[in-house]
Amino acid sequence: MAGYAWLLRLLLLLLAVGLGYAVLSLPDQAQGLQPDVLGKMDQSGVTHPVTAVLLNFRGYDTLLEMAVLLLALLGIWSLGGLPEARPESEPGPVLGTLTQVLVPVLIVVAGYLLWTGAHAPGGAFQAGAVLGAAGVLLQLTGWRLPRRAAGHPLRITLVAGVAVFLIVAALPLPGGRQLLEYDPNYAGVLILVVEAFATVSIGVTLAALFFGADPTDKAPK
Amino acid sequence: MSVPFLYALVGIGLFCLGFHGLIVYDHLLRKILAINIMGSGVFLVLVALAKRGGEAAPDPVPHAMVITGIVVAVSATALALGLMLKVQAATGHAVLPGKSRD
Amino acid sequence: MQAILSELPWGLFLILIPLIGGIACFLLPVVARRLGLLTASLVLSAAVGLGWQLSSRGVYHHAVGGWGAPLGIDLYADGLSLLMLVMTALVGFGVSLYATGYFKPGHLVRFWPLWLLLLGALNALFLSADLFNLYVTLELVGLSAVALTALQGGRDALTGAMRYLLATLLGSLAYLLGVALLYHGFGTVDLVLLSERVVPSPVVWAALGLMSAGLILKTALFPLHFWLPPAHASAPAPVSAVLSALVVKASFYILLRLWLAIFSDISGDVAGLFGLLGAGAVLWGSLQALRQTRVKLLVAYSTVAQIGYLFLVYPLAPGMGITAWSAMAYLLISHALAKAAMFMAAGNLMQFGGHDRIADLDRVVQRLPLTAGAFALAGVSIMGLPPSGGFNGKWLLLQAALAQGRWDLVGVIFLGGVLAAGYVFKVLGNTFTQAPRTHEPISVPARMQWAAVLLAAGAILIGFLSSPLMALLEVGDPFNINGKGP
Amino acid sequence: MTPGDYLSAALLIMGSLFFLAGTIGLLRFPDVYTRLHALTKADNVGLGLIVAALAIQASSWAGVVKLVLIWLLVLLAGSSVSHLVSRSALHRGVDVWKG
Amino acid sequence: MEGMTWLGWSFDAFVGAGLLWLAWRALASPDLFKAVVLFVAFGLLLALAWVRLEAPDVALAEAAIGAGLTGALLIAALTRLGISMASGRHRNNNKEEL
Amino acid sequence: MQHLYLLLAVFLLLNLGAGMWRVLRGPTAADRMLAAQLFGTTAVAVLLLLAELENSVALRDVALVFALLAAVTAIAFVRRAWAGTEDSNDTR
Amino acid sequence: MNKARQEIDWWTVLSRAMLFSIIWWALTDGADGSWLIGGPVVLCALVASVALRPKEGIVWRELLFFVPFFLWHSLIGGVDVARRAFHPRMPIAPELVEYPLQLPPGLPQVTLVNIMSLLPGTLGVELEGQMLKIHLLDGRGDYLSGLKRLERRVGRIWVESADDFSRG
């Protein structure tokens, strides 16, 4: 067994050396798409390059990526309930207060990241992650989604991001234009709408991933 | 060698370390960590090499790709953790059955 | 009317319809069944529409966002993509039909969104010409396939799904690292542009190794097939059908595209390696299939073997061009249809008898004739007997091998056929006899039987359609027959 | 360097020393409770001094408020977490180290 | 400027070495909880690496995911596995079972 | 001033490295968690220094997100992993 | 039934709206046009905040007085713990003591516990009813008078306890 481990390590070392050599053989100057991106920035509707790539130039990737996130949730829900953690004790007043203070601030910061994404680092995913953390915090404090919100309202919120993105993406099609081809005059607004819905959906999805099971599941095994 | 290449090499190192961990360790949680570390390595290569060439602002395309990749990684991790719990519930162990590679 | 129809972006419909259908099924579980079947039929018609468009107007090209290749993402469909898309739509329709009978309502509700997203992801994958976009679709395919595998729970399915998940993630990461290296080496992830820019260099070598290894792992080529039998054999039957028929083909397709666009000029030696592994897969998979005592495991190992044939094409292609590639096309589509039919038949047997032990198949021929017939028809194609798509594929492959004097490969193809006959008859033989342990049959819905029969019949029918199939395959010249040449 | 810069520099160095103190305490102190003392107090003062130093350099009032907000959030998180951790340590029967 | 380059280099070297070390320890340490904590630390250090590589977007994403979600997700999963997080002296409790 | 920012960032980074010793040693899970907490606070400080160095608003935002979420992992630990009293083995 | 609605205290709402607006302003550096998004965001935060805690009363003047007190003592706290950490013989004598609280439950007590953890030598460990368990870094000194003074100052900040702890 020891010989086998030794061999494996040797092979991986060789792999590392080979890959390292390949990386070092690259020229010192980057040959990326930066000039193309900067050249088209004025038509993108935003002024921050990464956001322009994520939601305009390569928006199709982002659309599919949101489908991946939704899919992970569907996958976990289809597992039919995870083993419950041990019953939770009282959160105590200190944690309760911490949550009461942090959650609103998290919401404001998520909104800020969404807003700033148009011209500076930030954007829907970062904002959604912050929002998701608020959801996790609430769950850790013992809060649960009310029953009347756990069915359709939750499901609609979960898919809203993908659905709105799909609608916005398909809008140019009847006019004979391409998928996701925004009119440069409205690109900024459309991107903001897509991002706003995406933020909420991503946040709720991440929080639901943490929760684990479909809250409408009657009897988790 | 410049700073971007340093980080790119670290990325390669992480990729190989994670690969090693994925093969060698049996516990599923460790395998999931290993996959995540491998992923971080790949992301590091993508982002680091975008900064080649010194002073100019780096290429934004790999940054966007990595953000997409991080979302995919989180989704996969969450699904894997859920599946791991179900495996443990079904078999009593959070390891894959069969020929154990020690 | 005709003008409008040929203007429609059928390729986009293939992606958008299942995505929308999946979301709708998630929101409206009450009507999910109807929505699901509707979506599957719409996808089938869109695939037909795209085929028609391709045959009349040549390759399909759609620059998403209107940006065009290096900056934006291009969708692209030629004859090869069309082949995969039609195959997906056909199997997808059969599986949708089958699933309505197979799953209990509780599972069916969860099945639809996952399955339709998988269908959309497969279509998106076959339409993409962008390496990073292919990564995203690959993950979408992988995660939904894993979730579907674990859908019904149970010890074997869960551990199989877990192993599958780890393997598929590992494969994707290796692929992504290759994409990273290619991007930084040549400044684009567009397949067409890359094929123009790539020059032999250490970066290309590393990318070739990483991407090939990752995709081979995902395609379950011997000896990296370890995850396939447990996952495919323990998944619900319609899911097994999709996994074997379509999902492993997705990563194979990417590998093929990469090969055709970039790597074939870079290295011919790797083709020999692929051929060697393919031969190993044919022999090893067939032998393992023969040894199995359960129908689904047998069928799963048969997949390992049949994947091997696809890789035998690589070493033959440089000399033989279109003959070898046509063989691959036939093998791809006929295996998809036949294997889906086989898994469906196995699912019927399991539902009928409550088990899938080969030795205890109890007079199934008399009691479940349609299912036994479907298995037999599918078996004909898998064995490569005439007249069937499988026969055409293996015949062309044999011609290519003979013409180049590759007697080793000729032997492998023959031996593989004989072994396949062995494992197919192992199952069929037991369907005639009375088992020592008889059992009370549980009724199997007619549509589950008919779905299997339809797909199996399709695998046979492909054998008669050689000239239209060939004509479609040559749209856009995916194999560079007229272009760069061998 | 302006007088403000000198003040900033002094504050920064002091702040970093508090971070060092926190780490030393974390390493040297004998049990969870005492380590919590070291970590929360020293690091929060350290961060406070660094924030103060940077606030001197800040170009706008909004920037100052943002820095203070960051500090307050860390304070809140640090003190709440130290309470929660020590509380659950007590519940789990972790004894208090005595001399 | 010479000093700046040198300092920047050492910062990057520490971050790189730290990443490799944390990854190694996270995978190799026998205690699963320790592995998770090291992995969380790995995520935080990675955020610093993104900052140094002038990728603040990625750093933001990593900070939000790494600090907020992954840690919580891993710890919750660890608890649901039923692994007791006892003291280091009771190694048998928290070693992975086989 | 620029030198000082970077110098102190390196110093804090080394400080972190020393703190990792506590993660390795434990002995209780809470001790390991504390070190993660230290990581959070120190990273905020390092990010603020780097933000000043590069005069970048974005890095301050990263620090802000760190500060906001520093508690989440620790709370998950307290509420999930270390809740309850059933295990009284850990005396230190 | 309408309990939550009845309890909404408009002063609380207004002061929190102000607070969140200030945070938004600080984050965006007062950029033009940011309020188009800032408005709805602040509103969302306000709704969440009121839903989580409908009301509290702060005596702002006392809070203002409290700030320098807190800053000074937390600095002392840092210096104290740093001194003990660096000291070769590490002069600590930890002790767990119980302290009967005068403060009413809720925010006043929580504030006390939180602030105590940042001040010299004390760490609030457990809050049960009117009894607070405190961990002392050094039980040899006079911690009681300091605690009492802190409790008084915290009490004055909150409306519900302000009268009991007023100056004099």
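The values are calculated or read from the model by the stated rules, or taken from the named source; none is laboratory data. Everything quoted here is computed from the prediction, not taken from an experiment. No Cβ is skipped: glycine too gets one built from the backbone with ideal geometry, and neighbour counts run over all protein chains shown. Accessible surface areas use protein heavy atoms only, side chains included; no ligands, DNA or RNA. Shrake-Rupley method; radii C 1.70, N 1.55, O 1.52, S 1.80 Å.
Points to keep in mind about this one:
- Condition broken by A:Val94, with the remaining ones in (1) at the interface with chain G (Cβ under 10 Å from one of its Cβ atoms); (2) within 23 Å of E:Ala63 (Cα to Cα) satisfied: (2)
- Selected residue [more than 14 Å from the chain's Cα centre (by Cα) and among the β-branched types (Val, Ile, Thr)] from B:Val3, B:Val10: B:Val3
- Count of segment C:412-438 residues which are over 28 Å from the mean Cα position of the chain (by Cα) and farther than 21 Å from C:Asn348 by Cα: 0
- Residue ID - farthest from G:Ser74 (Cα to Cα), chosen from residues in segment D:25-48 that are under 13 Å from the mean Cα position of the chain (by Cα) and of a type in the set (A, V, I, L, M): D:Leu26
- The lone exception for A:Ala120 - which of (1) facing another protein chain (nearest Cβ under 7 Å); (2) without any contact (Cβ under 8 Å) to a residue 40 or more places away in the chain it fails: (2)
- Residue-level check: of (1) of a type in the set (S, T, N, Q); (2) within 7 Å of another protein chain (Cβ to nearest Cβ); (3) not in a helix (DSSP H, G or I), G:Gln102 misses just (2).
- Among the residues of segment C:42-62, those that are open to solvent by 50 Å² or more (accessible area, probe 1.4 Å) and free of Cβ contacts under 8 Å to residues at least 60 places away in the same chain comprise C:Leu42, C:Ser45, C:Val48, C:Trp52, C:Ser56, C:Arg57, C:His61.
- Number of positions in segment C:377-399 that are open to solvent by 30 Å² or more (accessible area, probe 1.4 Å), farther than 15 Å from C:Trp325 by Cβ and in a helix (DSSP H, G or I): 3
- Residue match in segment B:65-73 (condition: of a type outside the set (A, V, I, L, M) and closer than 21 Å to E:Leu20 by Cβ): yes
- The residue list G:Arg149, G:Arg61, G:Arg83, G:Arg89 contains one member that is surrounded by fewer than 19 Cβ atoms within 10 Å (Cβ to Cβ) and either of a type in the set (Phe, Trp, Tyr) or not in a helix (DSSP H, G or I) (or both), which is G:Arg89.
- Hits in segment A:106-145 (condition: among the small types (Gly, Ala, Ser), in a helix (DSSP H, G or I) and under 15 Å from A:Ala52 (Cα atoms)): A:Ala124
- Number of residues in segment C:185-225 that are of a type in the set (Phe, Trp, Tyr), free of Cβ contacts under 8 Å to residues at least 24 places away in the same chain and not in a helix (DSSP H, G or I) equals 0.
- The residues of segment E:45-64 that are open to solvent by 10 Å² or more (accessible area, probe 1.4 Å) and either facing another protein chain (nearest Cβ under 7 Å) or closer than 15 Å to B:Gly69 by Cα (or both), listed by number, are E:Glu54, E:Pro56, E:Glu62.
- Filter pass, C:Leu90 being in a helix (DSSP H, G or I), touching a Ser or Thr at 6+ places or on another chain (Cβ under 6 Å) and either open to solvent by 40 Å² or more (accessible area, probe 1.4 Å) or within 30 Å of C:Val192 (Cα to Cα) (or both): no
- Across segment D:44-98, the number of residues qualifying as in contact with a helix residue (DSSP H, G or I) (Cβ under 8 Å, 6 or more places away or on another chain), part of a loop (DSSP other than H, G, I, E, B) and open to solvent by less than 10 Å² (accessible area, probe 1.4 Å) comes to 1.
- Meets criteria (touching a residue at least 24 places away in the same chain (Cβ under 8 Å), surrounded by 24 or more Cβ atoms within 10 Å (Cβ to Cβ) and in contact with a helix residue (DSSP H, G or I) (Cβ under 7 Å, 6 or more places away or on another chain)) for C:Leu428: no
- Scan of segment G:19-40 for residues that are in a helix (DSSP H, G or I) and open to solvent by 20 Å² or more (accessible area, probe 1.4 Å), ordered by number: G:Leu19, G:Ser21, G:Ile22, G:Trp25, G:Trp35, G:Leu36, G:Ile37, G:Gly39, G:Pro40
- The residue that is nearest to A:Leu102 (Cα to Cα), counting only those in segment A:146-175 that are of a type outside the set (A, V, I, L, M, F, W, C) and not in a helix (DSSP H, G or I), is A:Pro146.
- Residue in segment C:260-275 that is over 22 Å from C:Ala206 (Cβ atoms) and surrounded by 24 or more Cβ atoms within 10 Å (Cβ to Cβ) present: no
- Counting only helices (runs of 4 or more DSSP H) that sit completely within segment C:1-87, those holding 3 or more residues that are under 23 Å from C:Leu114 (Cβ atoms) and within 11 Å of chain A (Cβ to nearest Cβ) correspond to C:10-27.
- Among residues of segment A:148-166 that are without any contact (Cβ under 8 Å) to a residue 40 or more places away in the chain, those with a beta-carbon under 8 Å from a residue that is of a type in the set (Gly, Ala, Ser) at least six positions away or on a different chain give the pairs A:Val164/A:Ala198.
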